[in-house]
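Down below is the structure, laid out as structure tokens.
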């Protein structure tokens, strides 16, 4: 009987390979399994969705009163789902309404609005032309924007300067751009 510990490591491998066709099949099967695992892991790493930032499909954001709408195109999508979110900060112009129904200027205040496409299935060509609009700003508390708790604040307009667009693939952030709001 041959003691494998006495033989250099290369010779040990050769001895295992020479034990017959069953050992060769086992080693080939293991190599094939590891190769398949490596290949199937590549698509998850290949996600490289991004916003097209040049030309006619570059993101464009527009102030539409109390909301922001952004349009553009994303490419390189590789996940199973994707989502585009928008967040924009602005200064709200506030009017206060007293219990008698009279209107008076209120204190301008900072607001943040957000919106989303919600998760969508990834198109086969990996590209998508989008349009996403924020939700209106949340209602403001009566104070400090109005004189007291009896007054009701109403946002009549918001001035936005920039919007942040984020692209998520399968819930993971792929790209983010800051776009001026026109």
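The values are calculated or read from the model by the stated rules, or taken from the named source; none is laboratory data. Please read all numbers here as calculations on a predicted model, not as lab measurements. Cβ: placed from backbone, ideal geometry, glycine included. Neighbour counts: every protein chain shown.
Which condition number in (1) surrounded by fewer than 16 Cβ atoms within 10 Å (Cβ to Cβ); (2) more than 18 Å from the chain's Cα centre (by Cα); (3) part of a strand (DSSP E or B) is the one that residue 158 fails?
Result: residue 158 fails condition (1) only.
Could you tell me whether the range 84-96 includes any residue that is out of contact with any helix residue (DSSP H, G or I) (no Cβ under 8 Å at 6 or more places or on another chain) and either assigned to a loop (DSSP other than H, G, I, E, B) or not assigned by TED's automatic domain parsing to the domain that holds residue 165 (or both)?
Checked the range 84-96: no residue is out of contact with any helix residue (DSSP H, G or I) (no Cβ under 8 Å at 6 or more places or on another chain) and either assigned to a loop (DSSP other than H, G, I, E, B) or not assigned by TED's automatic domain parsing to the domain that holds residue 165 (or both).
Test residue 78 against the stated conditions and say whether it is assigned by TED's automatic domain parsing to the domain that holds residue 124, buried (at least 17 other Cβ atoms within 10 Å of the Cβ) and touching a helix residue (DSSP H, G or I) at 6+ places or on another chain (Cβ under 8 Å).
yes
Has the range 103-119 got at least one residue that is touching a residue at least 60 places away in the same chain (Cβ under 8 Å), assigned by TED's automatic domain parsing to the domain that holds residue 58, in contact with a strand residue (DSSP E or B) (Cβ under 6 Å, 6 or more places away or on another chain) and surrounded by 20 or more Cβ atoms within 10 Å (Cβ to Cβ)?
Checked against the condition, which is being touching a residue at least 60 places away in the same chain (Cβ under 8 Å), assigned by TED's automatic domain parsing to the domain that holds residue 58, in contact with a strand residue (DSSP E or B) (Cβ under 6 Å, 6 or more places away or on another chain) and surrounded by 20 or more Cβ atoms within 10 Å (Cβ to Cβ), the range 103-119 yields no hits at all.
Can you tell me which residue in the range 56-75 is surrounded by the fewest Cβ atoms within 10 Å (Cβ to Cβ), limited to those that are out of contact with any helix residue (DSSP H, G or I) (no Cβ under 7 Å at 6 or more places or on another chain) and either assigned to a loop (DSSP other than H, G, I, E, B) or free of Cβ contacts under 8 Å to residues at least 60 places away in the same chain (or both)?
Going through the qualifying residues, I end up with 56.
Is it true that residue 137 is under 29 Å from residue 54 (Cβ atoms), in a loop (DSSP other than H, G, I, E, B) and at pLDDT 95 or above?
The answer is no for residue 137.
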